[in-house]
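Participant: The following block contains the structure, expressed as structure tokens.
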């Protein structure tokens, strides 16, 4: 158990809908990262927050947005969902915003868009 | 720009024989390099990391990796494979480009035969 929690574990929704994925980092970690894992794209970095501020952006679609709240939990919002958004979404956390820090991964949220 | 290439999508070994999973990277700056393992339907677990200290890095479960700057490689090895090592392995690079973006390799699936 990494100490990172994600809810829900599974989510099934229809095209065009909007969903919110939630992540609670390890106690004391200030950085939160979001990743998408799919069969065709592999593991893609989406976005990173550090202490409430956006720090780095990866291959995140404009339909997706995220934020980190004062209590350091983070939410990833996916809107106008398409079939291709079906994937496993991971959250990770690390203590600080330095490249040398390893990231601790949550168990993931499996999103199925029908 | 940063990139990481895992040279084998699949590797098959017999139990008790050595494991070699190959990874080459590209980074404009001195990178931090990591190996993660993902067992089926599980999150990612850190095996080991390199952050400009010793070039031979020891990790969990008997794995180790050697950073070779001249070859831009960070291959993962284990002297003797165990059935429980069967999983997907990801080589990861983080650097200073664009705010510590995290780049995952495509993954290498390790099969261990009895």
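Participant: Check segment A:2-10 and report whether any residue there is over 20 Å from residue A:107 (Cβ atoms), more than 11 Å from chain B (Cβ to nearest Cβ) and either surrounded by 14 or more Cβ atoms within 10 Å (Cβ to Cβ) or touching a strand residue (DSSP E or B) at 6+ places or on another chain (Cβ under 7 Å) (or both).
Facilitator: So far as segment A:2-10 goes, no, none of its residues is over 20 Å from residue A:107 (Cβ atoms), more than 11 Å from chain B (Cβ to nearest Cβ) and either surrounded by 14 or more Cβ atoms within 10 Å (Cβ to Cβ) or touching a strand residue (DSSP E or B) at 6+ places or on another chain (Cβ under 7 Å) (or both).
Participant: While we're looking at this one, here's another question. Return the only residue of B:98, B:16 being at positive phi, loosely packed, with under 15 Cβ neighbours inside 10 Å and modelled with pLDDT of 95 or more.
Facilitator: Sole residue among the options that is at positive phi, loosely packed, with under 15 Cβ neighbours inside 10 Å and modelled with pLDDT of 95 or more: B:16.
Participant: Related question: Give segment A:13-25 a look and list any residue that's assigned to a strand (DSSP E or B) and under 15 Å from residue A:111 (Cα atoms), or say none.
Facilitator: Looking only at segment A:13-25, we keep the residues that are assigned to a strand (DSSP E or B), and these are A:13, A:19-24.
Passing the criteria: A:13, A:19, A:20, A:21, A:22, A:23.
Participant: In addition: Has segment A:84-101 got at least one residue that is out of contact with any strand residue (DSSP E or B) (no Cβ under 7 Å at 6 or more places or on another chain) and either crowded, with 21+ Cβ neighbours inside 10 Å or closer than 22 Å to residue B:109 by Cα (or both)?
Facilitator: No, that holds for no residue.
Participant: Do we have any residue at all in segment A:26-33 that's exposed (fewer than 13 other Cβ atoms within 10 Å of the Cβ) and away from chain B (no Cβ under 11 Å)?
Facilitator: Checking segment A:26-33: at least one residue is exposed (fewer than 13 other Cβ atoms within 10 Å of the Cβ) and away from chain B (no Cβ under 11 Å).
Participant: What strands (runs of 3 or more DSSP E), lying completely within segment B:65-114, carry at least 1 residues that are over 23 Å from residue A:96 (Cα atoms), within 12 Å of chain A (Cβ to nearest Cβ) and without any contact (Cβ under 8 Å) to a residue 60 or more places away in the chain?
Facilitator: Values: elements: B:73-78, B:87-94, B:102-104, B:108-113.
Hits in segment B:65-114: B:87-94.
Participant: Test each condition in (1) farther than 20 Å from residue A:92 by Cα; (2) within 15 Å of the chain's Cα centre (by Cα); (3) surrounded by 16 or more Cβ atoms within 10 Å (Cβ to Cβ) for residue B:51 and report the one that comes out false.
Facilitator: All conditions pass for residue B:51, except number (1).
Participant: Going by the conditions given, is residue B:37 within 30 Å of residue A:23 (Cβ to Cβ), crowded, with 18+ Cβ neighbours inside 10 Å and modelled with pLDDT under 95?
Facilitator: The answer is no for residue B:37.
Participant: With respect to residue A:55, determine if the residue is surrounded by 14 or more Cβ atoms within 10 Å (Cβ to Cβ) and either without any contact (Cβ under 8 Å) to a residue 40 or more places away in the chain or within 10 Å of another protein chain (Cβ to nearest Cβ) (or both).
Facilitator: So residue A:55 fits the description; yes.
Participant: For segment A:26-113, please list each of the strands (runs of 3 or more DSSP E) lying entirely inside it that holds at least 2 residues being in contact with a helix residue (DSSP H, G or I) (Cβ under 8 Å, 6 or more places away or on another chain) and more than 22 Å from residue B:51 (Cα to Cα).
Facilitator: Of the strands (runs of 3 or more DSSP E) lying wholly inside segment A:26-113, those with at least 2 residues that are in contact with a helix residue (DSSP H, G or I) (Cβ under 8 Å, 6 or more places away or on another chain) and more than 22 Å from residue B:51 (Cα to Cα) span A:109-113.
The values are calculated or read from the model by the stated rules, or taken from the named source; none is laboratory data. Quick caveat, the model's predicted, so the values are computed rather than measured. Because the Cβ atoms are built from the backbone with ideal geometry, glycine has one as well, and the counts that use them run over all protein chains shown.
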